[in-house]
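> My questions all concern the structure below.
Bear in mind that the values in this text are calculations on the coordinates, not laboratory data. Nothing here was measured: the structure is a model prediction, and the numbers come from that model. Note: ideal-geometry Cβ built from the backbone for every residue, glycine included; neighbour counts use all protein chains shown.
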């Protein structure tokens, strides 16, 4: 693993605007990576870019990567100008990983142990896509293939055998789970109060699971119209709530108001004589639904405080799983040492079959050509069978012996 290197620029140490200077559009990747490979004599490389990290994973015969190398590396972005004032800061705050530390880092990144939100699985898909894109472009070879096979295997084991991603930690995803547990019919009439980011995210869950009867209320009508259009619902200005008489089964609310906006009188108006139990998901801080409404009426009330407590607990449990994830990584690195040695033997032995064939041809056609020509057909056939048998054994036996030695020594 001596040749494996990673240069990582992340949100932990570098401002996002500076990080953005290293983000390559799809059209620029070929030019930049080709230039970098040629300039620094890099046999294999792939480039990873997410919302909060940019990393270069590559192979190099250099004993160690210096800050001077990183500086030259950054400035070689000839198609992507990095402002000079950013270069020094990025060099000083990047992370350099080499050999097994680089493999460990790749495993941690792919299994989300290094993510802003531990346990989010999206990062594995991002790493795999980054590698596959570079592979298709011809920037990677056998060594990074073997590395990535082990990285993906490790990440999958962590997601499978730990609880690191099992419980949701976003308030919106937990709120949807709570709503789903109420057995709400897909035809239910849903009032959405507020068209900000939180309700937009919640609406994605509802749309995905085939809810379709929406009325969206917002202070700015254009925002209500935008969300309603996405959901196939109707849009209203917030003040029209007071005159709304079409009934509801669920209220999902999250506005920026500094006091409750649904008081007892307004809620009674919305009910319009309906006495069935309703579900209210209140994601606002402070709450949009008054305490009197929750106390007085027949409602299943899901509030942001309860959801946040669940999210915090789930987050604690995820971080407790870090130890289990790290143990899986250590085990895979230990196993990989033998895998890598075995692969090196396989590569080294690639030339053996051709060499043996060359020896065979020379023996038959040069060294013993005269003697063989004097043999009768049956004798030549027998000699051919013996030579073919020996050729196969001389190819397979050393490989098996080398693998056995590696297994015994690992």
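> Springs between alpha-carbon atoms under 10 Å, Gaussian network over the chain: tell me which of 288, 249, 376 tops the mean-square fluctuations.
Judging by the Gaussian network model, the answer is 376.
> Could you work out how far apart the two model spin labels at residue 364 and residue 272 are, taking each label as a point 7 Å from the Cα in the direction of the beta carbon, and quote it in nm?
About 9.3 nm, to one decimal.
> Now for a different question. Quick check on the chain: take the gyration tensor over C-alpha atoms, sort the square-rooted eigenvalues as a ≥ b ≥ c, and tell me if it's rounded (a/c under 1.5), prolate or oblate.
Prolate shape, in that a/c is at least 1.5 and a/b is the bigger ratio.
> Between residue 34 and residue 351, what length in nm is gained on full extension when 0.36 nm per residue of separation is reduced by their alpha carbon distance?
Working it through step by step, the gained length comes to 111.2 nm.
> Please list, in order, the residues from the stretch 155-187 whose amide nitrogen is less than 11 Å from a point placed 7 Å along the Cα→Cβ vector of residue 208.
Within reach of a label on residue 208: 173-174, 176-177.
> Right, another one. Report, in whole Å, the centroid distance computed from the Cα atoms of the stretch 113-150 and the stretch 230-255.
Using only Cα atoms to place each centre, the spacing works out to 44 Å.
> Right, something else. Rounded to the nearest 0.05, what FRET efficiency is calculated for residue 25 and residue 313 with R0 set to 45 Å and r the Cβ-Cβ distance?
Values: r = 41 Å, r/R0 = 0.90.
E between residue 25 and residue 313, to the nearest 0.05, is 0.65.
> Would you mind getting me the FRET efficiency between residue 324 and residue 185? Use the beta-carbon distance for r and R0 = 45 Å, nearest 0.05.
On the way: r = 40 Å, r/R0 = 0.89.
According to the calculation, E is roughly 0.65.
> Where does each of 46-53, 34-41 land if you order them by average Cβ count within 10 Å, highest first?
My ranking of the peptides, most packed first, is 46-53, 34-41.
> In degrees, nearest 10, range 0 to 90: what is the angle between the Cα axis of helix 26-40 and the longest Cα principal axis of the chain?
Here the helix axis deviates by roughly 40 degrees.
> What ranking, highest mean first, results for peptides 191-204, 315-328 when packing means the other Cβ atoms within 10 Å averaged over each residue?
Averaged packing, sorted descending, gives the order 191-204, 315-328.
> Could you let me know the centre-to-centre spacing of the stretch 163-223 and the stretch 272-322, using Cα atoms, in angstrom?
Each part reduced to its Cα centre gives a spacing of 13 Å.
> While we're looking at this one, here's another question. Label the stretch 171-314 by shape, choosing from rounded, prolate and oblate, from the square roots a ≥ b ≥ c of the eigenvalues of the Cα gyration tensor; if a/c is under 1.5 it is rounded, and otherwise prolate applies when a/b is larger than b/c, oblate when it is not. Don't jump to the answer; show the numbers that get you there.
On the way: a/c = 1.24, a/b = 1.06, b/c = 1.17.
It comes out rounded by the Cα gyration axes.
> Same structure again: Could you work out how much longer the chain between residue 67 and residue 265 gets when fully extended? Use 0.36 nm per residue separation minus the Cα distance between them, nm to one decimal.
64.6 nm
> Something else: Angle between the Cα long axis of helix 377-409 and the longest principal axis of the chain, 0 to 90 degrees, nearest 10?
Here the helix axis deviates by roughly 50 degrees.
> Suppose each label sits 7 Å from its Cα in the direction of the beta carbon; what would the residue 142-residue 373 distance come out to in nanometres?
4.0
> Taking only Cα atoms, what is the 0 to 90° angle, nearest 10, from helix 352-362's long axis to the longest principal axis of the chain?
30
> For the stretch 328-368 and the stretch 1-45, what is the centre-to-centre distance using only Cα atoms, to the nearest Å?
The stretch 328-368 and the stretch 1-45 have Cα centres spaced 33 Å from each other.
> Another one. Which of 299, 70, 281 moves the most in a Gaussian network model of the chain with Cα springs under 10 Å?
299
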